[in-house]
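The values are calculated or read from the model by the stated rules, or taken from the named source; none is laboratory data. Computed from a prediction, not measured in an experiment: that's the story for all the values here. Quick reminder, even Gly has a Cβ in these numbers, built from the backbone with ideal geometry, and neighbours come from all protein chains shown. SASA here: full protein model, heavy atoms, side chains in, ligands and nucleic acids out. Shrake-Rupley method; radii C 1.70, N 1.55, O 1.52, S 1.80 Å.
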Amino acid sequence: MKFPARLASAAVVLLALAAGIWLQAQVLLGPDVGWLIRSVRLMANGAQFGAQVFEPNLPVAWYLCRPAAWAVEYFGLTEVNAIRLWVWLLAAAALFAARACLLAVREAGRETWLELGAAAVAGCVLVGASFGQREHLAFLLSLPWLFAIRLRWDGIAIPARHAIVAGLAAGIAFSIKPVFVIVPIVVELALFARRRGSWTLLRPEVKTMTIAGAVCALVTLVLSPAYLSQVVPAAFATYWAYDLPVARLLEDFPVVPAMLVGWLVAWFADFRIARSSGTWLAAFLAWTASYFVQGRGFDYQGFPAMASAFVLSVSAIAQLSSGQARAKQLVAIAAVALTTWPTLDAARLSFAAATEPDWPMSRSVWHRELTALMREHGVGPGKSVFVFSTNPSPAFPALNYLGADWVGPDVAQFLLPAWVRRVEIADPEHRAAIDAAMTVQRRHVHDALIQGRPDYLLVSRMSRSASPQGAGSRRLDYFAIFGTDPALAEAFNRYQMAADWRGVQLYVRKAGE
């Protein structure tokens, strides 16, 4: 490859990073990401994942983001700036690792370089409010491996050192959530169907990915034994309460029907894209499967699939536009281009919900108003807050921006919806498992209120998953649920209502208590 082409590829990646940094500076930090950096800081100061940080997800993302906590502790960065800086460093490392893999071979074609630019745009610019989520991290870290597979798809040999780096990043990426293992399985099956005679699982990136995944599992066993003994049983007993029906998942993820229709038309018109863009098609299908398996319908869970769909569309259009234009070829290009619209529109909506003041249910407006309300009542540095909620949204990123301390051991009380809905469970053993999980939850709340003595209680009265069908939301009376414990009832009496705002209530410790 000539120097100008190398320079152009670096410029595209750098421009995508710069555009993403500029856009994200205008977007409020996501609640889950705010909770992530705060809990990582707690772990950096001795808190144990699964005990003081009672979180249903695997700890890999928390260990991965430990450098952000060090940046806060040792360099004086704010939590918001620290996590943003760390995610952008990961993005740059992943994209330049993928670029280095392409530079190492002479046979990388024009379409492959365009795919790299599309991946940079998807991972940096189109991410919107999904920035910093575990799916965003997994997509970024999987890119060197996906481009290694893309080269092998065309029968191109890869230097071992680049394959090892790609496998290492992929092993971490696919260990962040158990469902992410779907991606390497589906992509490897697609590569097997493509290469057959030359396909092998003994490739350097596969071996390194497997070793990295095993190390992540070992680290969890050694560093987070409480996670396995306390959180995992509770999650298995209760996490079903958040599931949405398939129809609702499809409604929340329009890129799937759009891609299916568009690609059926494109394949009928020109079969070449099935052979040339198979890597990204397999990645799109695999990430889509992980979205549906999770069954929650959260926007960020669909981000890797939508990002892969964008790269897939760019790849297909590049393949189809090569050579002499024909009527069928133009039809195929138009069909693929139309499938890109839901991805771009989803990114637009994501940014709008996080930035535009007049956007309905704008996350930016909601959290800024909540931050102002909490500041008005004295929440700030030196003050402590305990959160009653089924997710981090009511507290974070407000606490990240206010600088108040969060009192643990948990903010995401994910067991509550299942405990309320346990009457729907006929199996007595399953109901007993739910009640046992709630016993653990009560102990955590008791320790936080009695030992931590927070200055404020922040109570969200709504739970997402509210019906046997799993859609909508229901009002939960947290104090009634936990008040059945006499010790907790006594602790609640030490607080008085300070504000009631949009389903979120703020309680202040009574004077002298």
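Scanning for something open to solvent by 20 Å² or more (accessible area, probe 1.4 Å), farther than 19 Å from A305 by Cα and outside any helix (DSSP H, G or I), does segment 126-147 turn up at least one residue? No: zero hits. Scanning segment 7-50 for residues that are out of contact with any strand residue (DSSP E or B) (no Cβ under 9 Å at 6 or more places or on another chain), closer than 14 Å to A412 by Cβ and not aromatic (F, W, Y) yields G30, P31, D32, V33, G34, L36, G50.
Here's the yes/no breakdown for (1) in contact (Cβ under 8 Å) with a residue 60 or more places away in the chain; (2) buried (at least 16 other Cβ atoms within 10 Å of the Cβ); (3) in contact with a His (Cβ under 9 Å, 6 or more places away or on another chain); (4) under 30 Å from V365 (Cα atoms):
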{"residue": "K383", "(1), (2), (3), (4)": "yes, yes, no, yes"}
{"residue": "P392", "(1), (2), (3), (4)": "yes, yes, no, yes"}
{"residue": "F396", "(1), (2), (3), (4)": "yes, yes, yes, yes"}
{"residue": "Y401", "(1), (2), (3), (4)": "yes, yes, yes, yes"}
{"residue": "W406", "(1), (2), (3), (4)": "yes, yes, no, yes"}
{"residue": "I450", "(1), (2), (3), (4)": "no, no, no, no"}
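With respect to the conditions (1) open to solvent by 40 Å² or more (accessible area, probe 1.4 Å); (2) not in a helix (DSSP H, G or I), L28 falls short on a single one, namely (1). Among residues of segment 404-427 being out of contact with any Leu (no Cβ under 9 Å at 6 or more places or on another chain) and small (G, A, S), the one that is modelled with the highest pLDDT is A404. Scanning segment 157-184 for residues that are farther than 24 Å from V219 by Cβ and surrounded by 23 or more Cβ atoms within 10 Å (Cβ to Cβ) yields one hit, H162. Restricting attention to segment 185-194, does a residue exist that is part of a helix (DSSP H, G or I), basic (K, R), open to solvent by 80 Å² or more (accessible area, probe 1.4 Å) and without any contact (Cβ under 8 Å) to a residue 60 or more places away in the chain? The answer is no; no qualifying residue exists.
Of the helices (runs of 4 or more DSSP H) lying entirely inside segment 278-376, the ones with 1 or more residues being at pLDDT below 85, open to solvent by less than 10 Å² (accessible area, probe 1.4 Å) and in contact with a Lys or Arg (Cβ under 8 Å, 6 or more places away or on another chain) are found at 278-294, 303-321, 327-355.
Exactly one residue out of V231, V215 is open to solvent by less than 20 Å² (accessible area, probe 1.4 Å) and farther than 15 Å from R152 by Cα, and it is V231.
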